[in-house]
Each structure stands twice: as structure tokens, then as C-alpha cells.
Amino acid sequence: TIYNRIFRTGMSFEDAITYIDPRDAKIWWEGKEYTKKELCEIHNIPLVNFYDRQHKGWSLHKILTTPVVHKI
């Protein structure tokens, strides 16, 4: 990973070892910081649904408060 960051994307060594992927960044929700995984566990939403909804442009509030419809 570090090799790719340095030699394929041109990051400096310092940037490569301290880089935080935006997908792993903490999210501020109701006064606290959470990971996406933590928010999904709290709101009983599969992580894949979180990413799908985010990709569709949903707001964080809508992502977390809309129930997941399970199709049979």
C-alpha cells in the first residue's frame, strides 16, 4: 500500500504513512464521532447499504434513518 502511494500516486513518504482514506474518516453525528461501521451497527443498517445510499447522494440523516427493506 505504501509503495503504491509513493510510486504510483506520487505521495511523499510522510503523506503515504499518515494518509487516511476518506472512506475510513470519522463522521460527526449527533455530537460524537463515529466510523461508518459504528453508525451502521447503531442504526441496524448493513454497511453495503450505507455505501449504496451514499453513492446515490442521500444525506447522512436519510441514510441512517431510512429502514432497510429486505426483499424475499
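Of the chymotrypsin sites (Phe, Trp or Tyr not before Pro) found in the range 33-63, those that fall in a DSSP loop while having at most 15 other beta-carbon atoms within 10 Å are TRP58. Distance from the Cα centroid of the range 23-50 to that of the range 5-21 is 26 Å (rounded to whole angstrom). Per residue, the solvent-accessible area of the chain (1.4 Å probe, heavy atoms of protein chains only, all protein chains present) comes to 82 Å². Taking amide H positions as modeled 1.01 Å from N, with prolines and chain starts lacking one, no residue 5 or more places away or on another chain lies under 5 Å from TYR19. Qualifying trypsin sites (Lys or Arg not before Pro) in the range 8-72, where qualification requires a DSSP coil assignment and no more than 13 other C-beta atoms within 10 Å, comprise LYS26, LYS56, LYS71. Spatially close Lys pairs in the chain, defined by Cα atoms under 23 Å apart and a spacing of eight or more places or different chains, total 12. Ligands, DNA and RNA left out, the accessible area of the chain computed with a 1.4 Å probe is 55% carbon and sulfur. Debye-formula intensities of the chain, expressed as log10 I(q)/I(0) at q = 0.12, 0.13, 0.15 Å⁻¹, are -0.46, -0.52, -0.63 (one equal scatterer per alpha-carbon, no solvent).
The values are calculated or read from the model by the stated rules, or taken from the named source; none is laboratory data. This is a predicted model, so every value here is computed, not measured. Ideal geometry is used to build each Cβ from the backbone, glycine not excepted, and the neighbour counts take in all protein chains shown. Note: accessible area is taken over every heavy atom of the protein model, side chains too, but ligands, DNA and RNA are not part of it. Shrake-Rupley method; radii C 1.70, N 1.55, O 1.52, S 1.80 Å.
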